[in-house]
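Below is one structure, written out as structure tokens; the observations come after it.
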Ligand code: TGC
Ligand code: FAD
């Protein structure tokens, strides 16, 4: 892999709006990505292997629980710092950012927000250091966009619960030590349970043959009469709103992350367009290539502005779920389109692993589907502005 020459675009001088802490967090994460992620990621993606050697570094930059309070091992940062971290990590690879999103927003967050003090103390510090890795089980084979229909269920046996069912498409599942699993009780109410690797009847088969997120491990969670201690139920929130509340936080991080992937493709295409000569001049001098670059930087700048404002609202606890949906949907779509144009600008070289574009593009085909598909987020916006539900 050639060396990482990434230069971040900032067309509207948005750096002026960030605090010193934001810029420090961004620089530290960016440097770590250049040093530790860029040199190895293409090879891992080609081999379809999650880079476990990155776990320690991710923990050290604070990417596991950036906004979880320091007393539980988190970095205690604000939502904009969290977003900038996700941007920089996804600039490296969406699969690595996925691992952070799951660990922080889908495992640490529910334990912090819905768990009791004993659960927080037991799990959060080890998840923050990466000693334990987590997964989040919501999606089932027959219930993806409609998680409220889930079939996974648990029964109260007096001194413990018995859990049955299965989840699929679960990031980190094949290697995670703990899983936050959403299941219905005998009354049909959804609760979160912490399931630990090694519990009898719990298995995590890996999903192979993905063309997307190849550097992220995906698998199933299978529960065959798993005996779950009662103290592993998250006591402080139940109902579908509990897992959806976690998704708000992860979707917010993805909105920032997608900007990172888009910036990497733009930066790569811009550099290439100045170096690649055809018909006696750099291709960047041709109007058709300039149109692509001009539209890319325009879209990146719009996404940066939208997302910064969302970060401010999130810091003030004023961001709505629908606002987060809009940013996730817009930014991932924007990034995918930029990847496709950037890929074309590199001609044949664009399909090789010598450049990051094709990997980003393939990764984003998952990102546009997980955490709510492109169309589901459109319907969330539609519902928000009309008050009329078009889901069912
Ligand atoms: P609905 O009746 O609208 O709502 C049920 C309850 O949930 C509340 N709620 C939310 N709460 C917090 N945050 C949100 N975003 C919320 N959206 C809804 C709602 O107020 C209600 O509360 P209550 O107290 O009245 O009961 O539910 P619905 O069944 O009609 O579904 C709505 C819909 C379709 C929007 C929702 O189900 C949805 O978002 N579907 C998409 C599913 C999804 O995003 N799955 C993601 C799985 S995890 C994943 O993909 C991880 S990828 C990880 C990685 O690698 O990064
Ligand atoms: P479906 O829900 O079957 O949707 C199929 C199509 O129908 C989509 O285009 C959708 O937009 C459309 N559609 C559905 N309902 C409607 C409607 N009402 N109106 C109009 N169109 C509709 N899940 C987890 O729980 N944890 C994870 O860690 C996780 N990681 C993932 C990692 C990867 C790589 C992938 C690909 C997925 C992951 N997921 C995870 C699952 C992901 O959240 C689901 O794939 C996603 O929510 C969509 O569900 P589905 O695949 O079942 O598609």
| task | Confirm whether residue 227 is at pLDDT 95 or above and either assigned by TED's automatic domain parsing to the domain that holds residue 68 or farther than 28 Å from residue 81 by Cβ (or both). | result | yes
| task | Report, ordered by the first and then the second residue, all pairs with beta carbons closer than 6 Å, sequence separation of six or more or different chains, a first member in the stretch 361-389 that is in contact (Cβ under 8 Å) with a residue 60 or more places away in the chain and farther than 26 Å from residue 263 by Cβ, and a second member that is away from ligand 2 (no atom under 11 Å from the Cβ) and in a helix (DSSP H, G or I). | result | 384/322
| Yes/no for residue 380 being within 11 Å of ligand 1 (Cβ to nearest atom) and either under 28 Å from residue 291 (Cα atoms) or part of a helix (DSSP H, G or I) (or both) | yes
| field | Candidates 352, 307 - the one that is under 22 Å from residue 33 (Cβ atoms) and exposed (fewer than 15 other Cβ atoms within 10 Å of the Cβ) | value | 352
| task | For the stretch 139-158, indicate whether the set of residues that are in contact with a helix residue (DSSP H, G or I) (Cβ under 9 Å, 6 or more places away or on another chain), outside the structural domain of residue 41 (by TED's automatic domain parsing) and closer than 24 Å to residue 49 by Cα is non-empty. | result | yes
| note | Reported set for the stretch 348-359 where residues are touching a helix residue (DSSP H, G or I) at 6+ places or on another chain (Cβ under 6 Å) and over 16 Å from residue 99 (Cβ atoms) is 350, 351, 353, 355, 356, 357, 358
| query | Within the stretch 360-377, can you find the residues that are part of a helix (DSSP H, G or I) and within 14 Å of ligand 2 (Cβ to nearest atom)? | reply | 362, 363, 364, 365, 366, 367, 374, 375, 376, 377
| task | For the stretch 117-128, indicate whether the set of residues that are touching a strand residue (DSSP E or B) at 6+ places or on another chain (Cβ under 8 Å), under 16 Å from residue 63 (Cα atoms) and in a loop (DSSP other than H, G, I, E, B) is non-empty. | result | no
| said: Given the criteria more than 9 Å from ligand 1 (Cβ to nearest atom) and closer than 30 Å to residue 33 by Cα, does residue 141 qualify? | reply: no
| request: Select from the stretch 151-202 the residues that are part of a loop (DSSP other than H, G, I, E, B), surrounded by fewer than 22 Cβ atoms within 10 Å (Cβ to Cβ) and within 11 Å of ligand 1 (Cβ to nearest atom) and list them in ascending order. | output: 189
| task | Hey, can you tell me all the residues within the stretch 378-392 that are surrounded by 15 or more Cβ atoms within 10 Å (Cβ to Cβ) and within 7 Å of ligand 2 (Cβ to nearest atom)? | result | 379
| request: Count, please, the residues in the stretch 299-321 that happen to be in a helix (DSSP H, G or I) and without any contact (Cβ under 8 Å) to a residue 12 or more places away in the chain. | output: 2
| Of the criteria (1) outside any helix (DSSP H, G or I); (2) farther than 24 Å from residue 106 by Cα; (3) within 16 Å of ligand 2 (Cβ to nearest atom), which one residue 355 fails | (3)
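So, in the stretch 203-254, exactly how many residues are within 16 Å of ligand 2 (Cβ to nearest atom) and under 17 Å from residue 174 (Cβ atoms)?
Summing the residues that are within 16 Å of ligand 2 (Cβ to nearest atom) and under 17 Å from residue 174 (Cβ atoms) in the stretch 203-254 gives 19.
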| message | Here is a list: 135, 145, 104. Which entry is within 15 Å of ligand 2 (Cβ to nearest atom) and either free of Cβ contacts under 8 Å to residues at least 40 places away in the same chain or part of a strand (DSSP E or B) (or both)? | response | 135
| field | Test: residue 309 is in the same structural domain as residue 357 (by TED's automatic domain parsing) and more than 31 Å from the chain's Cα centre (by Cα) | value | no
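Quick check on my filter: what residues within the stretch 383-392 are under 17 Å from residue 327 (Cβ atoms) and more than 11 Å from ligand 1 (Cβ to nearest atom)?
Within the stretch 383-392, just 385 meets the criteria.
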| task | Check 253, 241, 219 and return the single one that is crowded, with 24+ Cβ neighbours inside 10 Å and within 16 Å of ligand 1 (Cβ to nearest atom). | result | 253
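The values are calculated or read from the model by the stated rules, or taken from the named source; none is laboratory data. Values in this document were obtained by computation on a predicted structure and should not be read as measured data. Positions of Cβ are generated from backbone atoms using ideal geometry, with glycine treated the same way; all protein chains shown enter the neighbour counts.
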